[in-house]
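Below: one structure, written as structure tokens.
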Amino acid sequence: MQLGAQQLAARGVAREVGAQVAAGNTDIRGVMLEGFLIPGRQELSLEEPVFGQSVTDACMGRDVTVAVLHDLAAETRQRRAVTAAAR
């Protein structure tokens, strides 16, 4: 699957945040991701709207969103190990 520029940027930001979390940064408490079933966005004026695609902002597709969530979960587990070891 080829990702658009905004989806690549969102995934890159999530990776940067995840790296900070994995390093033990406890100031980060949550993230907001824009994900939908189908990546990208569509205009409301389409005669045949695409089911599962955003009509507002360009979003990551389901597969990329799931991968990002799995990565963030792993990085959160790593932060827990780092902060537990520091106690």
When every protein chain stays in place and a 1.4 Å probe is rolled, D27, D71, D63 sorted by accessible area with the largest first are D27, D63, D71
Within region 1-66, trypsin sites (Lys or Arg not before Pro) in DSSP loop having at most 11 other beta-carbon neighbours inside 10 Å:
R29
Of the listed values (1) 1.29; (2) 1.01; (3) 1.33, grab the one calculated as Cα Rg over 2.2 N^0.38 Å from the structure here.
(3)
Based on DSSP H runs of at least 4 residues, each adding -39500 (n - 2.57), what is the mean residue ellipticity at 222 nm of the chain after dividing by all its residues, to the nearest 500 deg cm²/dmol?
-17000 deg cm²/dmol
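May I ask you to give the percent of accessible area on the chain that is carbon plus sulfur, with a probe radius of 1.4 Å?
Here carbon and sulfur together make up 55 percent of the probe-accessible area.
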Want the number for L46 to R15: 0.36 nm per residue separation, take away the alpha-carbon distance, what's left?
7.8 nm
Solvent exposure of the chain as accessible area per residue, Å², 1.4 Å probe
71 Å²
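Compare V50, V21 by solvent-accessible area with a 1.4 Å probe and give them largest first, with all protein chains kept in place. Can you show the working numbers first?
Working: V50 65, V21 10 Å².
I get V50, V21, largest accessible area first.
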All other residues with a Cβ under 13 Å from the Cβ of S54 taken together, and with Lys, Arg as +1 and Asp, Glu as -1, what is their net charge?
-1
Quick one: how many Å² of L46 are accessible to a 1.4 Å probe, rounded to 10?
80 Å²
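Below 8 Å between Cα atoms, with a sequence gap of 6+, how large is the relative contact order for the chain in percent? Mind showing how you got there, number by number?
Values: 101 pairs, mean separation 32.8, N = 87.
Relative CO of the chain lands at 38 percent.
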With a cap of 16 neighbouring Cβ atoms within 10 Å, and only residues DSSP puts in a loop, list the GluC sites (Glu not before Pro) found in the chain.
E34, E43, E47
Roughly how many debye, to the nearest 20, is the charge dipole of region 1-84 about its Cα centre, given +1 on each Lys and Arg Cβ, -1 on each Asp and Glu Cβ, and no other charges?
520 debye
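The values are calculated or read from the model by the stated rules, or taken from the named source; none is laboratory data. Computed from a predicted model, the values in this text were never measured in an experiment. Positions of Cβ are backbone-derived with ideal geometry, glycine not excepted, and every protein chain shown enters the neighbour counts. The protein model used for the area step is the full one, side chains on, heavy atoms only, and it has no ligands, DNA or RNA in it. Shrake-Rupley method; radii C 1.70, N 1.55, O 1.52, S 1.80 Å.
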